[in-house]
Amino acid sequence: MAHTHGMDEDHAPGVLVGLDGSPAADRAFVAALMVAQQRNWPLRLVGAFMRPVVIDEYNPRALEYYLHGAADEVQARLDHYSARASEAGVDATTRTFEGDAGRVLVEESRSAHLAIVGKRGRNRFAGRLLGSSSAKLAAHAHCPTLVVPEKWESEFAEELLAPSQHLASGDEAADEPLSVLEQSVPQQDHRRTFANVAEELNFDSEIVVGVDVRAAATEVVHLAAEAAALTDRPLTLIAAETLNAHGWYPDAEHHRIEVSNIRRGYIDHMERLAGELGDKNPGMAVRWQFFNGSPAGVLAEASRTAALVAVGTRGHGGFAGLLLGSVSQAVLNRSACPVLVVPTSHQK
């Protein structure tokens, strides 16, 4: 069942927001409100509850009482957020559904410009194993999805709030380095410094977008640039390849081989994109970097300091993990900052 309040959502695609009462969902609402204000879009606030598994059907009145109570509780939460939107001058509709939240949000995303949802917990495998609502939405959404994680807290201002990512260690560390091999321009002085963050992996205040030279779609890069323009932040394009992971290529650093002779395609691709973005956004600071390392490792580590990380979905198939793609799923599961997931191979 569904309860609808406010204007007809069919005529107002706007921003879809999934709200479940968690702190991450509250952060998702704040982000959605900012986007709605900047783009003059309405909000569509959605909540869902599950019907309990009832083995004994002898008391249908008790079940009906529970369902009405759950619906009222979800609707009250949505009404609270709707009031906050109204105070900020943003139109909002609310919809309460009975059913799986992830499935509901995917269906609602068919008529949205952007979907925003919070991500609970810090388990790097949570989305992969538990089938969370954020993972389902990011994998199957029919529009770009912004996943907002919980906020990290730290008592030490000189250290980064989020801990370092799970990178290769022990015997595998030598086979998976993480270093910049080539870049357009050095990083700027606007960044803060942190004792527990490597200088070349510090993307403080920047919008970071993962670039895949094998994917023809550039929508993810242009949407990242749009986010950078809206928030007045610099944009950094990142590509990464573990050049000697399987012995196919010599260690570029050890043998002092120029990366252009090994991965010239990456550099040419990023230079073209940076040029397009510079022409389209004359005042925007745009740079690119090419890393020797796994794309998931580099982008997940970048999420510790970046304001936003944007990735595309390059997977295939009906299962969430396959459709989302290994890199985008790894970044989504491990991210410490909001992640914008852009469908690049999704068939509606």
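For residue 200 and residue 107, compute 0.36 nm times the residue count separating them, minus their Cα-Cα distance, and round to one decimal in nm.
Details: separation 93, 0.36 × 93 = 33.48 nm, distance 4.04 nm.
Here the segment from residue 200 to residue 107 would lengthen by 29.4 nm.
Could you put 270, 50 in order of accessible surface area, largest first, with the 1.4 Å probe and the full protein assembly present? Provide the component values of the computation, followed by the final result.
Numbers: 270 0, 50 110 Å².
The residues order as 50, 270, largest area first.
Along the range 73-87, what does the Karplus equation 6.51 cos²θ - 1.76 cosθ + 1.60 (θ = phi - 60°) give for ³J(HN,Hα), rounded to whole Hz, x for Gly and Pro?
Those phi angles translate into 5, 5, 5, 4, 5, 5, 4, 4, 5, 4, 5, 5, 5, 4, 4 Hz.
State the extension gain, in nm to one decimal, for the chain segment bounded by residue 63 and residue 230, taking 0.36 nm per residue of separation less the distance between their alpha-carbons. Don't skip to the answer; put the middle values down first.
Values: separation 167, 0.36 × 167 = 60.12 nm, distance 4.73 nm.
The residue 63-residue 230 span can extend by a further 55.4 nm.
Largest first, how would 113, 269 line up by accessible area (1.4 Å probe)? Present the calculation step by step, with values, prior to reporting the outcome.
Details: 113 85, 269 25 Å².
Correct descending sequence by accessible area is 113, 269.
Going by average Cβ density within 10 Å per residue, which order do the peptides 39-49, 66-76 take, highest to lowest? All intermediate terms of the calculation are to be shown ahead of the outcome.
Values: 39-49: 22.1, 66-76: 15.0.
Highest-to-lowest ranking by the protection proxy: 39-49, 66-76.
What FRET efficiency do you get for residue 264 and residue 87 if R0 is 45 Å and r is their Cβ-Cβ distance, rounded to the nearest 0.05? Show your work: numbers first, answer last.
Numbers: r = 54 Å, r/R0 = 1.19.
Computed FRET efficiency for residue 264 and residue 87: 0.25.
Using heavy-atom solvent-accessible surface (probe 1.4 Å) with all chains present, what is the largest-first order of 222, 80? Working shown, then result.
Values: 222 55, 80 100 Å².
If we order 222, 80 from most to least accessible, we get 80, 222.
What ³J(HN,Hα) values, in whole Hz, does the Karplus curve 6.51 cos²θ - 1.76 cosθ + 1.60 give for the range 223-228 when θ = phi - 60°, with x put for Gly and Pro?
My calculation for the range 223-228 gives 5, 5, 5, 5, 5, 5 Hz in order.
Note down the net charge around residue 70, summing +1 for each Lys or Arg and -1 for each Asp or Glu among other residues with Cβ under 13 Å from its Cβ.
-3
What is the sum of charges around residue 32, taking Lys and Arg as +1, Asp and Glu as -1, for the other residues whose C-beta is under 12 Å from the C-beta of residue 32? All intermediate terms of the calculation are to be shown ahead of the outcome.
Values: positive: 27, 39, 44, 84; negative: 26.
It works out to a net charge of +3.
With every protein chain left in place and a probe of 1.4 Å, what is the accessible surface of residue 223, to the nearest 10 Å²?
40 Å²
The values are calculated or read from the model by the stated rules, or taken from the named source; none is laboratory data. Here the structure is a predicted model, which is why all the values come from computation and not from measurement. Cβ sites come from the backbone with ideal geometry, for glycine too, and all protein chains shown count toward neighbours. All accessible areas refer to the heavy atoms of the entire protein, side chains included, with ligands and DNA or RNA removed. Shrake-Rupley method; radii C 1.70, N 1.55, O 1.52, S 1.80 Å.
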